[in-house]
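Visitor: Below you will find the structure I want to go over with you.
The values are calculated or read from the model by the stated rules, or taken from the named source; none is laboratory data. Quick caveat: nothing in here was measured; it's all calculated off a predicted structure. With ideal geometry, Cβ positions are generated from the backbone for all residues, glycine too; neighbour counts draw on all protein chains shown. What goes into the accessible areas is simple: the full protein's heavy atoms, side chains included, and nothing from ligands, DNA or RNA. Shrake-Rupley method; radii C 1.70, N 1.55, O 1.52, S 1.80 Å.
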Amino acid sequence: FAREGSGATWATVGALACADWDEYIDRAPPPPAYEDPREGFKPGWRKPDPPGRLHFAPDAVAAIARTAGQELGSHTFSHICFREPGCRSEDVLADSNAVAKAFRDKFGLAPTSFVFPRNQVSQTEALREAGIERWRSNPQVSCWNATRRAEQSRLVRGMRLVDSLAPIGSRRAPSREMRASYLVRFPLPDRLWRLHVRRIRRDARRLRSGETLHLWWHPHNLGADVSGSLRRLGELVDTVREAAPKDTRFVSMKDSALAAA
């Protein structure tokens, strides 16, 4: 992204910046008292990975923090889920403060942009209290707002897939809303990938002043075939650059908010 002059927000789980399990235990607040025992931290996670090499990546987080145009945002400290029963505003505040302290201690900055784990938009007042100024909301389509574990179903997931392929409606949004546009689905079969890119290109071509096309993905969305996914990412960036108006800027959430102000 830096080489191509493209800004991005890397919404990072704060725990990734820890050096090892001892630092994580020292920095992490108590997890929410979830009603569902499948949620939350499990002490047994430490056993197969005592050094923490599979759980922590402080060097990678530091690289983001020092790279021009790349914003280090928050994805909570321990990936707590705001809409799952048992998660309270006190949990959100404690978790958010833990991220801010870790990033200040290590990188001299506190995050001001936020992406909700599982896109569970909630508890925004607690986020504001912890210094978060902007967050990503969901598309205005019902299947994207069914975000609790109990709301997931094959129908909901199928509707999301169809929505990413079918040229119905628009995913452009006013920049001030920080609304997600597309989960980029890198692992799709070739034919479906072409339909997906065509859908995104269609919206890019119709962008107007004051509008944003917000593209996002998880690291694991590239993980099954890293080299192939990175090629597709390059293809997508080139496609959007070609289709979008010439004055379109590729920026982070923070810079998008500044431009919309």
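Visitor: Determine whether the stretch 244-254 contains at least one residue that is outside any loop (DSSP other than H, G, I, E, B), at pLDDT below 95 and open to solvent by 30 Å² or more (accessible area, probe 1.4 Å). Steps first, answer last, please.
Guide: Start the filter on the stretch 244-254 by keeping residues that are outside any loop (DSSP other than H, G, I, E, B), which leaves 253-254.
Imposing the further condition that a residue be at pLDDT below 95 reduces the set to 253-254.
Then drop every residue that is not open to solvent by 30 Å² or more (accessible area, probe 1.4 Å), which leaves 254.
Yes; the residues of the stretch 244-254 include at least one that is outside any loop (DSSP other than H, G, I, E, B), at pLDDT below 95 and open to solvent by 30 Å² or more (accessible area, probe 1.4 Å).
Visitor: Follow-up. Considering only the stretch 6-59, how many residues are open to solvent by 60 Å² or more (accessible area, probe 1.4 Å), in contact (Cβ under 8 Å) with a residue 40 or more places away in the chain and in a loop (DSSP other than H, G, I, E, B)?
Guide: Number of matching residues: 6.
Visitor: Shifting gears a bit: Select from the stretch 1-46 the residues that are charged (D, E, K, R) and within 30 Å of ASP255 (Cβ to Cβ) and list them in ascending order.
Guide: ARG3, GLU4, ARG27
Visitor: Mind listing whichever residues of the stretch 158-194 are open to solvent by less than 30 Å² (accessible area, probe 1.4 Å) and among the β-branched types (Val, Ile, Thr)?
Guide: Of everything in the stretch 158-194, just one residue is open to solvent by less than 30 Å² (accessible area, probe 1.4 Å) and among the β-branched types (Val, Ile, Thr), namely VAL184.
Visitor: So which residues in the stretch 218-241 are open to solvent by 30 Å² or more (accessible area, probe 1.4 Å) and under 17 Å from ARG172 (Cα atoms)?
Guide: If the condition is that a residue be open to solvent by 30 Å² or more (accessible area, probe 1.4 Å) and under 17 Å from ARG172 (Cα atoms), then ARG241 is the only one that fits.
Visitor: Looking at VAL115, VAL141, can you tell me which residue is open to solvent by 30 Å² or more (accessible area, probe 1.4 Å) and more than 22 Å from TRP21 (Cα to Cα)?
Guide: It is VAL141.
Visitor: Kindly indicate whether GLU84 is assigned to a loop (DSSP other than H, G, I, E, B), on the phi < 0 side of the Ramachandran plot and acidic (Asp, Glu). Spell out the reasoning first.
Guide: Working: assigned to a loop (DSSP other than H, G, I, E, B): yes; on the phi < 0 side of the Ramachandran plot: yes; acidic (Asp, Glu): yes.
So GLU84 passes the test.
Visitor: Quick check on SER78: is it within 20 Å of THR12 (Cα to Cα), open to solvent by 30 Å² or more (accessible area, probe 1.4 Å) and either among the hydrophobic types (A, V, I, L, M, F, W, C) or in contact with a helix residue (DSSP H, G or I) (Cβ under 7 Å, 6 or more places away or on another chain) (or both)?
Guide: The answer is yes for SER78.
Visitor: Can you tell me which residues in the stretch 192-228 are of a type outside the set (A, V, I, L, M), closer than 21 Å to TRP144 by Cα, touching a residue at least 24 places away in the same chain (Cβ under 8 Å) and not in a helix (DSSP H, G or I)?
Guide: Selection gives GLU211, THR212, HIS214, TRP216, TRP217.
Visitor: Restricting to the stretch 64-74, count the residues that are part of a loop (DSSP other than H, G, I, E, B) and either surrounded by 22 or more Cβ atoms within 10 Å (Cβ to Cβ) or β-branched (Val, Ile, Thr) (or both). I'd like the intermediate steps shown before the answer.
Guide: Initial filter on the stretch 64-74 (part of a loop (DSSP other than H, G, I, E, B)): 66-69.
Adding the requirement that they be either surrounded by 22 or more Cβ atoms within 10 Å (Cβ to Cβ) or β-branched (Val, Ile, Thr) (or both) leaves 67.
Of the residues in that region, 1 qualify.
Visitor: CYS18 versus (1) in contact with a helix residue (DSSP H, G or I) (Cβ under 6 Å, 6 or more places away or on another chain); (2) more than 27 Å from GLY86 (Cα to Cα): which is the lone unmet condition?
Guide: Just one mismatch for CYS18, condition (2).
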